[in-house]
Structures are given as C-alpha cells and as structure tokens.
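Reviewing the structure listed below.
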Amino acid sequence: MDINELIGIVKNIQGYDLDSQQEKVVKHGKGPLWVVAGPGSGKTEVLVLRTLKLVFVDNLLPSSIIITTFTEKAANNLFERILNYTNLIFKEYPELESKIDVHGLKIGTLHSLCNDIMLENKNQAYENYKLLDELEQYLFIFEHSDLANERSSKYCPLFEKFEYLFSGFDPVTNTFRWNKERLPNKWRRTNASIKLFNRMVENLIDLEKLKDAEEPYDLVICAYNDYVTKLEEHRRCDFAHLQKKFLEFLDTPLGLRFLNGDGTETHPGVKYVLVDEYQDTNPIQEEIYLKLSKGTHNLCVVGDDDQALYRFRGGTVDCMVTFKQACVNTFGIKPDDVTVIFLNTNYRSHPDIVYYYDDYIKSFPSMRLEGARVEYKPPLDPKGKISGDYPSVAYITGKTINETAENFAIFVEDLIKNEIIEKPSQCALLMRSVRESARNAGPFAEALRNRGISVYNPRSKNFLEHEETAGILGAFISIIDPDLSALESVGPPNIKNMVHFWINEYKEIADKYPDLSNYVNKSVESISKIPLDNWIKVNILDIFYHILAHEPFNEWRDDVEKTYRLGQLSKIFETYASVPYPGFPGSDRGELRTGKTEDGTISFGWRKTFYYALIGLLVSAGLDDPEIEILTPPDHLPIMTVHQSKGLEFPFVFVYGLKQKPRLDDSILLEDAFLNFRKKPPLVNFTPEERAEQDLIRFYYVAYSRAQYALIHLVPKVHLSSGFFGFIGKKIIDFKEKAKELGA
DNA sequence: CTGGGTGCAGTTTTT
DNA sequence: CTGCACCCAG
C-alpha cells in the first residue's frame, strides 16, 4: 500500500485531513523522532497512524514493532484503535487480511512487555519468578526486609538521613511525625523501604558509586542488598526489578537475538520503537528505550513536557526535555539527525481557553528556565470547531468554600435549566482530592445533591465500610480469632476500631442468616479440637471462599459493585496467602497452624501478623471504591482528580483552587539524595523548590487543558488576591459580575 | 486588601 | 506537624 492511499483511507473514515505536522509524523522514515505534542493535538491518533504506516506501507512484520504507553488502559485503547483501522483497511484491501495480523504488534505498558518478552525468550534470570504487584511487594517487604524488621539501632543514621520518608501522616497509628525517641514503626519503615528501593532501581543508581559515599549510604547498600537477596531467595521480582532484569537480559545472547533478530519470523528483531506519554518516563525506562533502538535508531517518542504528572513513580520530565541530547549521546549521531515535530495545533478548546492555558504555563519564571520545557516550543494554535463570543474562561467565587460551592451548584443548575448543556455529565469538577470532606469535594458534592444534581464520585475511599466487605472480614475474623484475644494485643486504635466495626457488621448479618453463623460457629468448634502445634488442613482461602458461598454473600453476586468489591478482597486474601513465611521455605501465610501453648486456637503469632501486616495495610491504604462504570452516567456530574482526568476532555470544566503551596514531597527529595550516584548524570538540574513549583504548575495545566467550551475556576474570595496563583484571579472574569453587566 | 492569629484536618497517581 | 480556611483588625 502507498502512504497516500493510507492517508486517503483515514480521511474517508474521519472526514478530515491530517494537518501538515501530523502528516510529517505519520510519514517519517528512519531515525529518531521527537514528537512534542500539546493538549488536544491528536497525538495518540498520530501514533496509531504511524503504526499503521509501518505495517501497511513499509510492510514491517508487526512483531518487530514495539509500542508502549503509560497505563494498561491507554495501551488497550491504542490497540483497539489500531484494530479498528485495520479492519476498515481490510474492507478495502481484502487480499491483505491473510497476510497481516496486527495482533503480533508488541504493544502494552513497558512493564507488561518486559515480562512477556523475557518469558517468551525463556530468560533464565526471570523464568520461574513471581512478579509482585504493589500489595505483594508491601507484604513481602513488611515480612522480609531487614530495613523494615531490624529492631536494633543499626539503621538509625539512615532513618535520620531519609527522615522525610518516615514523616507525614500515618493512618495506622494516627500520628503525623516519626517520634524520634523510638525507631520508626514497621509500617513507616515498610513504606520508606518501598520508596527507597524502587527509586534506586528506577533512577539507575550505581551501587559502585554508592560504596564510596559517606554514611549512611553504606546502610542503604546494606538494606538494598538484603532486599535483593531475599527477593532472589524466594524467587520474587518487583516492578522496578522487572525492568532492571530486562535491561540485563538485553545483553545476554538470548536478548541480543531478540534485539537483532536471527532472520526467522519468530525472531525478527526490534525494528521500530514507539513510545506514548514519554514525559512520564523514568531513567531506567529511558535506558531501555535507548537500548532497544540502539541498533536501528528508530525510536519515536511522543509526549507533552507540560503535562508530566508522575514524579511519584520516578517519572522525570527531563527524559522528554532532553531527548535530543540523549539520542546524540547514546547513538553517536548529530543533533540534526533527530527529527523534531511540534504538534501545536489544538483541536479541543475554545481559542480563548487555549490562549489562556498557553499563557498560563509560560507566565511563570520557573517554567522559563532552561530545561524546564522543550526548547523552541511554539505557542498553541487553536483550530478547533468551538468558537463564539462568550466568557469561556471565568471564575465562580464566594466568601467561603461553602458559598463558592453553593454558587457553583446554582450555576450548573442554570446551565441545565437554560439548556446550555443537556446533562450534568458534560461538566467535570476537578479537584486535588475527591474525598467528600469539608476541605475537599464535600461541600461541592453536597451543594449539587441539594439541587437534585447527582454526583459521580467513584473513588471515595470507603471500600472497607460496605456491608459485604465488612461482613466477610468480620466473619473471617470471627473464625480465626473468635475471642479477639490477638486483636487486644494490637496497639493502633484504628485497626481495633475497624475490626470491631467489621465484627458488628458480621453479627448483624449473622442474625438474619443462620446458615452463615452456623458455618462460622462450626469452624471455630472444629479448630478448637485440633491439638497444639499442628497444621490445620484448611488454607485461609478455603475459609474465605466458604464464607462467600453462604448467603447473603452468594446472592450479592447479582450486585455488580458488591461482586467487584468481594473480588478485590479475595485477590487481597490470595496475595496474603502467597506471602512466603519467613524462615520456612515453601510455606506461606495462607497456611494455618494451631498455637504451641494455647489450646484450640490459631497460632497467636499468625493472628498478630495478620492484623499488623494485612489489616494494618488495608486500614492505612484506604482502598479505593471500584470504578465500575468507566463512563460517567449521563445524569451524573463527575468529580475527579486531575490525574483521573488526564487524557479526557469535557465541555465544561470546573477547577477548584488558586491557592496552593508547592510541596517538597519525598519523590523530589529522594531524587536529590541519589543525584550524585546515578549511572548517567541527569542533563538538567533544578533545585527541589523549582521542581516542586514546576510540578504544581504542570498539574493545573493538565486540569485547564481538559476544557472544551468553558474553563471555570472555583475560588473562595481569598484565593483571588493572595497565594501562589493569585495573579490568575486578576486575568479572568467573574461570572456573576459579567452576568449582571449583561443583565442576564 | 493584607497580615496575623486560631483552629482543624490530614493528597494524589501507576506498573 | 503543616497547610489551609476563616476571621478580624488595620
């Protein structure tokens, strides 16, 4: 197929032409391609079409093309679009159908591809390892890592140096700061270990360099080595090490065969690498991408440096901003050999909104520093269908949050009454936190509901308080710790309170469902008959599923949300059951034993660990409620975090807040702590304060650039005059005043 | 409109 | 403990 035929087909399907920049991306041949794409510029579409071009025009074997993006959801979406186009192409060119199968494309998150490729290529260093997800890594570190378990003062200098990893709110103990009189508690140490170890791997920390560092880095090495040893011992691998192993795999003979191919269709080699959302890439991922394309230089990255949101995951915008330099350094080519294409045409927002957020991001001195944004980035050019002379950027205010929320609800009500919008789902309220507390989404959700406008707020963190989750946990605990004697020994009141709540919830259910209470009582009785110090034949999962098989859990299967939550909970139990038992190879936490001294009970140690490790985690994690409907119900107004809104667009976008202080969070401080020990020193350097500020600016940029018809700030009066963003208040229109002026 | 004092609640996101 | 909202004085 000819490239123009392909573009013609696309035009027929879409009804419009690609713009010249988009076309350049699709048509680009060999060599590094750096696509700097603004919001609403059609970047994912372009990536899809470029993939089609490689397959249908260049006739590359799909399995020689790697396409990655940031989340599973985005990856699925990307593949679906490719598949759609492919099917339409097959309608016009039926003879291709037998020759081309796009299912061969290596498309997914980088993590999933690393996993699949190493398994397919039988990489010995990865085969037979269990990949740990977030929860599994937590439980593994909680039980196995020296840093989390050492009871002496061995690690004190490390605790001091990385103090920020141990401070902040700890919901398990309800404390705000590590009490330095004592060692940090185990949850804090576990969380700190996770952050520390993951970041060391993601930022490609050179252990050799670290060896020469002054203390307490010796303790960091010691803790890290211990963790890696334990992982190997138990044949586990976390997400960060998955990437590290993949990088190492690429240097092995099997890896080189994968990379360069051997002339067979099974091993065609890696011919092209395409990366979406490149601004959220971290150093180890950058290294992987560069290595994958070292032989071909065919690396295409797409992203928007202004929309980087994932520093907490090790993502650094630097990779996006310095892509050209990285290619020059790694491939040994000239800067001009890297093709730069700016997709700066915006098809999403009203021109005034586009100018507004473009001005916004450029107005901060910290964003104008060298290396903060991609060089020579042109201004956004609005060419969307939306136009009209109305105030498209404005604010709604009030004396207090509640009053602001009230005015907001009145405004939304008016939008509906006056038929400016058909349904509430054409709006979105974007907030930093969607929790329905007085400082967050609470007043807004309430004001809307008071006016009969339903709210769609799926992530409100009360997973453990529903009757089904509380009920099954209560039933389970009633079996394994019937007199709650182990619970009594658990310190933190949060855990105790939560468990008591579950027990009560279970008792209420049990009153109505005698079969269930019979099962629970019988189980307690049969455990009581097992002699001291003996294995119990049932695994915790057996107990869990037996409870599930009883009413009312059984009939709750008809309820989508309840089923989802119970499914999540059973996954959590499965995870816990798979945690290796320290010191007993081959056994795991799912297996139960009776106590050594106390007759007829589950071992006290097991019960205690269950409360501390698993329940403590659940209580502190505040698990999310399910997001079952991906699409907002039309008669609901979605309340979401800015992260959730990424990649989406809404006719009316409301954003709360113009008064927020940039925060030096631990991701930023950790970057600095390891700055001098990177295998590759970073190409840009900002102070932690500068990075914190830039992150905050980008965060709101993402929010503002979601708006199609109107962007409306929700700001209590004080936000307009003071605070970090206060100046914005002077640039936008007060909706109420404008309405008065127009006599509306 | 600003600044200081008081009181209160306690992100977010992903593999 | 910190950051934010809110109130009040100037």
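The values are calculated or read from the model by the stated rules, or taken from the named source; none is laboratory data. Just so it is clear, the structure is predicted and the values come from calculations on it, not from any experiment. So basically every Cβ, Gly included, is an ideal-geometry build from the backbone, and we count neighbours across all protein chains shown.
Are any of the residues in segment A:534-542 within 32 Å of the chain's Cα centre (by Cα), more than 23 Å from A:SER587 (Cβ to Cβ), in the same structural domain as A:TYR564 (by TED's automatic domain parsing) and assigned to a helix (DSSP H, G or I)? Within segment A:534-542, none of the residues are within 32 Å of the chain's Cα centre (by Cα), more than 23 Å from A:SER587 (Cβ to Cβ), in the same structural domain as A:TYR564 (by TED's automatic domain parsing) and assigned to a helix (DSSP H, G or I).
Taking segment A:264-323 as the range and being away from DNA strand B (no atom under 16 Å from the Cβ), assigned to a loop (DSSP other than H, G, I, E, B) and touching a helix residue (DSSP H, G or I) at 6+ places or on another chain (Cβ under 7 Å) as the test, the residues that pass are A:HIS267, A:PRO268, A:GLY269, A:VAL270, A:LYS271, A:LYS294, A:GLY295, A:HIS297, A:ASP304.
When segment A:482-499 is filtered for residues that are in contact with a Leu (Cβ under 8 Å, 6 or more places away or on another chain) and either without any contact (Cβ under 8 Å) to a residue 60 or more places away in the chain or farther than 18 Å from A:ALA470 by Cβ (or both), only A:LYS496 remains. Consider segment A:130-139 and keep the residues that are buried (at least 16 other Cβ atoms within 10 Å of the Cβ) and farther than 13 Å from A:PHE197 by Cα. The one that is modelled with the lowest pLDDT is A:LEU135. Within this structure, A:GLU72 fails the test of being surrounded by fewer than 20 Cβ atoms within 10 Å (Cβ to Cβ) and either at positive phi or away from DNA strand B (no atom under 16 Å from the Cβ) (or both).
Each row is one residue, and each column tells you yes or no for (1) under 19 Å from A:PRO39 (Cα atoms); (2) aliphatic (A, V, I, L, M); (3) in contact with a Phe, Trp or Tyr (Cβ under 9 Å, 6 or more places away or on another chain).
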{"site": "A:THR322", "(1), (2), (3)": "no, no, no"}
{"site": "A:TYR355", "(1), (2), (3)": "yes, no, no"}
{"site": "A:ASP359", "(1), (2), (3)": "yes, no, no"}
{"site": "A:LEU369", "(1), (2), (3)": "no, yes, yes"}
{"site": "A:LYS385", "(1), (2), (3)": "yes, no, yes"}
{"site": "A:ALA394", "(1), (2), (3)": "no, yes, yes"}
{"site": "A:PHE411", "(1), (2), (3)": "no, no, yes"}
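Here is a yes/no grid of residues against (1) within 30 Å of A:SER20 (Cα to Cα); (2) hydrophobic (A, V, I, L, M, F, W, C); (3) loosely packed, with under 15 Cβ neighbours inside 10 Å; (4) not assigned by TED's automatic domain parsing to the domain that holds A:PHE699:
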{"site": "A:GLY388", "(1), (2), (3), (4)": "yes, no, yes, no"}
{"site": "A:PRO391", "(1), (2), (3), (4)": "no, no, no, no"}
{"site": "A:LYS399", "(1), (2), (3), (4)": "no, no, yes, no"}
{"site": "A:ILE416", "(1), (2), (3), (4)": "no, yes, no, no"}
{"site": "A:GLU419", "(1), (2), (3), (4)": "no, no, yes, no"}
{"site": "A:CYS427", "(1), (2), (3), (4)": "no, yes, no, no"}
{"site": "A:MET431", "(1), (2), (3), (4)": "no, yes, no, no"}
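Restricting attention to segment A:331-356, the residues that are in the same structural domain as A:LYS294 (by TED's automatic domain parsing), in contact (Cβ under 8 Å) with a residue 40 or more places away in the chain and among the acidic types (Asp, Glu) add up to 1. Residues in segment A:650-681 that are polar (S, T, N, Q) and more than 30 Å from A:TYR395 (Cα to Cα) were compared, and the one that is farthest from DNA strand C (Cβ to nearest atom) is A:ASN676.
Taking the criterion of being in contact with a Phe, Trp or Tyr (Cβ under 6 Å, 6 or more places away or on another chain) and within 15 Å of DNA strand B (Cβ to nearest atom), the only residue of segment A:91-110 that qualifies is A:ILE107. Just a yes or no: is a residue in segment A:661-673 touching a helix residue (DSSP H, G or I) at 6+ places or on another chain (Cβ under 7 Å) and hydroxyl-bearing (Ser, Thr, Tyr)? Checked against the condition, which is being touching a helix residue (DSSP H, G or I) at 6+ places or on another chain (Cβ under 7 Å) and hydroxyl-bearing (Ser, Thr, Tyr), segment A:661-673 yields at least one hit.
The residue list A:LYS30, A:LYS99 contains one member that is part of a loop (DSSP other than H, G, I, E, B), within 33 Å of the chain's Cα centre (by Cα) and surrounded by fewer than 14 Cβ atoms within 10 Å (Cβ to Cβ), which is A:LYS30.
Is one or more of the residues making up segment A:192-199 touching a Lys or Arg at 6+ places or on another chain (Cβ under 7 Å), outside the structural domain of A:ILE615 (by TED's automatic domain parsing) and part of a helix (DSSP H, G or I)? No: zero hits. For segment A:424-434, residues that are part of a helix (DSSP H, G or I) and polar (S, T, N, Q) total 2. Scanning for something modelled with pLDDT under 85, aliphatic (A, V, I, L, M), in a loop (DSSP other than H, G, I, E, B) and surrounded by fewer than 19 Cβ atoms within 10 Å (Cβ to Cβ), does segment A:638-659 turn up at least one residue? So far as segment A:638-659 goes, no, none of its residues is modelled with pLDDT under 85, aliphatic (A, V, I, L, M), in a loop (DSSP other than H, G, I, E, B) and surrounded by fewer than 19 Cβ atoms within 10 Å (Cβ to Cβ). For segment A:568-584, the set of residues classified as in a helix (DSSP H, G or I) and surrounded by fewer than 13 Cβ atoms within 10 Å (Cβ to Cβ) consists of A:LYS571 only.
Selection of segment A:435-476 for residues being outside any helix (DSSP H, G or I), away from DNA strand C (no atom under 16 Å from the Cβ), modelled with pLDDT under 90 and charged (D, E, K, R) yields A:ARG459, A:LYS461. If I filter segment A:637-655 down to residues being out of contact with any helix residue (DSSP H, G or I) (no Cβ under 8 Å at 6 or more places or on another chain) and among the hydrophobic types (A, V, I, L, M, F, W, C), which single residue comes out as nearest to DNA strand B (Cβ to nearest atom)? Filtering segment A:637-655 for residues that are out of contact with any helix residue (DSSP H, G or I) (no Cβ under 8 Å at 6 or more places or on another chain) and among the hydrophobic types (A, V, I, L, M, F, W, C), the one nearest to DNA strand B (Cβ to nearest atom) comes out as A:MET640.
Yes/no matrix, rows are residues, columns are (1) modelled with pLDDT under 95; (2) part of a strand (DSSP E or B); (3) within 16 Å of DNA strand C (Cβ to nearest atom); (4) under 25 Å from the mean Cα position of the chain (by Cα):
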position: A:LEU683; (1), (2), (3), (4): yes, no, no, no
position: A:PHE686; (1), (2), (3), (4): yes, no, no, yes
position: A:LEU696; (1), (2), (3), (4): yes, no, yes, yes
position: A:PHE699; (1), (2), (3), (4): yes, no, yes, yes
position: A:TYR709; (1), (2), (3), (4): no, yes, no, no
position: A:HIS719; (1), (2), (3), (4): yes, no, yes, no
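Evaluate segment A:406-423: report whether one residue or more is touching a residue at least 24 places away in the same chain (Cβ under 8 Å), within 30 Å of A:VAL702 (Cβ to Cβ), of a type in the set (Phe, Trp, Tyr) and within 16 Å of DNA strand B (Cβ to nearest atom). There is no residue in segment A:406-423 that is touching a residue at least 24 places away in the same chain (Cβ under 8 Å), within 30 Å of A:VAL702 (Cβ to Cβ), of a type in the set (Phe, Trp, Tyr) and within 16 Å of DNA strand B (Cβ to nearest atom).
Tell me, which residue of segment A:134-151 that is of a type in the set (A, V, I, L, M) and within 14 Å of A:TYR612 (Cβ to Cβ) is farthest from the chain's Cα centre (by Cα)? Filtering first and then ranking leaves A:ALA148. Write out, first by first residue and then by second, each pair whose Cβ atoms fall under 9 Å of each other, whose residues are 6+ apart or on separate chains, and whose first residue, in segment A:593-606, is more than 14 Å from A:ILE479 (Cβ to Cβ) while the second is aromatic (Phe, Trp, Tyr). If the second residue must be aromatic (Phe, Trp, Tyr), the pairs left are A:ARG593/A:TRP535; A:ARG593/A:TRP606; A:GLY595/A:PHE604; A:GLY595/A:TRP606; A:LYS596/A:PHE604; A:THR597/A:PHE604; A:GLU598/A:PHE604.
Residues that are under 24 Å from A:PRO171 (Cβ atoms) and β-branched (Val, Ile, Thr): does segment A:474-488 have at least one? Yes, that holds for at least one residue.
Conditions (1) within 15 Å of DNA strand C (Cβ to nearest atom); (2) farther than 29 Å from A:MET320 by Cα, marked per residue:
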site	(1), (2)
A:ASP381	no, no
A:LYS385	no, yes
A:GLY388	no, yes
A:PRO391	no, yes
A:THR397	yes, yes
A:ILE401	yes, yes
A:ALA405	yes, yes
A:GLU419	no, yes
A:MET431	yes, no
